[in-house]
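K.L.:
Quick one: this structure, given as structure tokens, is what I'll be asking you about.
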Amino acid sequence: MIKSITIQGVTCYSESKPVIINTSKSIVFFYGFNGTGKSTISRFLSDLHNPKYNNCSIDCDNESD
């Protein structure tokens with residue numbers, strides 16, 4: 001399970017200040033206006049090793065779900 005997602009320096013996310021999203025709850029729902037970064041999060045999660053996401057990371061627990 002992903003405990004948190006850190007996004008920094010891609011599209012609408014600032015280079016100087018990371019955004020840390022706590023995803024440790026059993027249900028996580030992303031919503032917001034157009035251009036606020038919802039698709040960026042999903043693209044990062046689907047392509048973790050893309051060099052444009054070098055400043056982004058996920059923190060996972062050791063459980064296998």
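K.L.:
Report D for the chain in µm² per second (integer): Stokes-Einstein, Kirkwood Rh on Cα pairs, 10 °C, 1.306 mPa s.
P.N.:
127 µm²/s
K.L.:
Also: Which percent of the accessible heavy-atom area of the chain goes to carbon and sulfur, probe 1.4 angstrom?
P.N.:
Of the solvent-accessible surface of the chain, carbon and sulfur hold 52 percent.
K.L.:
Would you mind working out the magnitude of the charge dipole of the chain relative to its Cα centre, with +1 at each Lys and Arg C-beta and -1 at each Asp and Glu C-beta, to the nearest 20 Debye?
P.N.:
It comes to approximately 280 debye.
K.L.:
Next question, about the same structure. Whole number in Å², please: accessible area per residue of the chain, 1.4 Å probe, ligands, DNA and RNA not counted.
P.N.:
Counting only protein heavy atoms, the per-residue value for the chain is 76 Å².
The values are calculated or read from the model by the stated rules, or taken from the named source; none is laboratory data. Source: prediction; values computed, not measured. As a convention, Cβ positions derive from the backbone with ideal geometry for all residues, glycine included, and neighbour counts pool all protein chains shown. Accessible surface is based on the protein model in full, side chains and every heavy atom, while ligands, DNA and RNA are left aside. Shrake-Rupley method; radii C 1.70, N 1.55, O 1.52, S 1.80 Å.
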